[in-house]
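Written below as structure tokens is the structure these notes are about.
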Amino acid sequence: TSSPVTVTVTGAAGQIGYALLFRIASGQLLGPDTPVRLRLLEIPQAVKAAEGTAMELDDCAFPLLTGIDITDNANVAFDGTNVALLVGARPRTKGMERGDLLEANGGIFAPQGKAINDHAADDVRVLVVGNPANTNALIAQSAAPDVPAERFTAMTRLDHNRAIAQLAKKLDVPVTEIRRMTIWGNHSATQYPDLFHAEVGGKTAAEQVDESWLRDEFIPTVAKRGAAIIEARGASSAASAANAAIDHVYDWVNGTPEGDWTSAAIPSDGSYGVAEGIISSFPVTSKNGKWEIVQGLDIDEFSRGKIDASVAELVEEREAVKGLGLF
Ligand code: NDP
């Protein structure tokens, strides 16, 4: 057993937080040999609810959980943190313009980025879940010049897992038959789930489904799954989002399996013509605790158009944030 790893969760009293914290404390984030110290960040009016969740965490008597701190102060929350899961965000409410949404979130993610810059551990890894996740991650990263840019990531793993599940259902195969799924671009309706590089039983997925299913059903179903869950459940997806956050960090720390890859939004180095610096989803492997973009994939015309459209949206979001003086 090693020394405790400090994990900070923001928005800890929210739905995703509730689904996430128990799995972190039980060892599913970092593995069964790693003790965890939790730091919960909430806005002042939600601190009491976070305290309630902490009481339940106590009541689980998790052997790996060495302590819980609850605070509304980002400098305290990120002090010495090794893994930061930024879940709390300002959701888009009816009638809210995109600029207002970005501004409200800039007010959350810029100070959190600065607190991470000033107080987190040297090996800090950041995963942004709160939407608009890619641009929130960019805002936080821009406020943290002393932290290597690559440590700021955003979650597209839920989209990735949804794509695998949809394809497995369609072909009536177990999810374990599917490899090399990719989500490209933004965690938004423009995201591009790519079946031209995905493999089922070792053969290209796109060759095993109708083109019309791929284009008119698969892509929109994956992209609009969040709305379908809200419609069915009366609340947005939470356990599946928490599960994806666990998958993302687990793979980042422990590596991806040989011969496979996953999807994560990471700062672009210009690969595949994706504008440098934006935080965009790519096919990635993880080795020695670092994400690497899978290189050398052929991008056909259809995929090119889809990737370019999602990247264009991210570039626009970056410009909007710049225009607001957020960085
Ligand atoms: P949730 O826990 O359901 O969601 C939190 C964030 O995750 C939202 O921005 C949501 O975006 C996003 N998200 C990303 N992917 C998904 C997905 N696939 N499915 C669902 N959500 C996804 O929200 P709650 O309102 O229950 O809780 C938010 C908590 O955050 C509150 O307790 C609030 O007090 C707190 N908060 C904390 C802050 C802080 O710590 N400084 C700042 C702001 C809020 P979307 O809305 O687009 O679904």
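The values are calculated or read from the model by the stated rules, or taken from the named source; none is laboratory data. Please read all numbers here as calculations on a predicted model, not as lab measurements. Cβ coordinates were reconstructed from backbone atoms using ideal geometry, including for glycine residues, and neighbour counts include every protein chain displayed. In case anyone asks, the SASA skips ligands and DNA or RNA and just uses the protein heavy atoms, side chains included. Shrake-Rupley method; radii C 1.70, N 1.55, O 1.52, S 1.80 Å.
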Given the C-alpha atoms of the range 140-234, compute the convex hull and give its volume per residue in Å³.
126
Between their Cα atoms, which of Lys224/Lys306; Lys170/Lys203; Lys169/Lys306; Lys224/Lys322; Lys48/Lys114 are more than 19 Å away from each other?
Lys169/Lys306; Lys224/Lys322; Lys48/Lys114
For Ala50, net neighbour charge (Lys/Arg +1, Asp/Glu -1) across residues whose Cβ lies under 14 Å away
-4
With bins 5 Å wide starting at 0, give me the P(r) of the range 34-180 over every alpha carbon pair, in whole percents.
2, 9, 15, 16, 16, 15, 12, 9, 5, 1
I'd like the accessible area for Met96, computed on protein heavy atoms only with a 1.4 Å probe and all protein chains in place. Round to 10 Å², please.
30
Before anything else, pin down the relative contact order of the chain: Cα pairs under 8 Å, at least 6 apart, normalised by residue count, whole percent.
17
Highest-MSF residue in the chain out of Asp247, Asp159, Asp300 [GNM, Cα springs under 10 Å]:
Asp300
Measuring from the lowest to the highest alpha carbon on each principal axis, how far does the range 214-327 reach, largest first, in angstroms?
39, 39, 35
Any idea what angle helix 98-119 forms with the longest principal axis of the chain, computed on alpha-carbon atoms, 0 to 90 degrees, nearest 10?
60
Using alpha-carbon coordinates, inclination of helix 15-25 to the longest axis of the chain, degrees
80
May I ask you to give the solvent-accessible area per residue for the chain, in square angstrom, as obtained with a 1.4 angstrom probe?
43
Any idea what angle helix 301-323 forms with the longest principal axis of the chain, computed on alpha-carbon atoms, 0 to 90 degrees, nearest 10?
30
Volume in Å³ per residue [convex hull over Cα atoms, computed for the chain]:
137
The percentage of the accessible area of the chain (probe 1.4 Å, all protein chains present) made up of carbon and sulfur atoms, to the nearest whole number, is 49
Rounded to the nearest 500 deg cm²/dmol, what is the calculated helix-only ellipticity per residue at 222 nm for the chain, with -39500 (n - 2.57) per DSSP H run of length n ≥ 4?
-12500 deg cm²/dmol
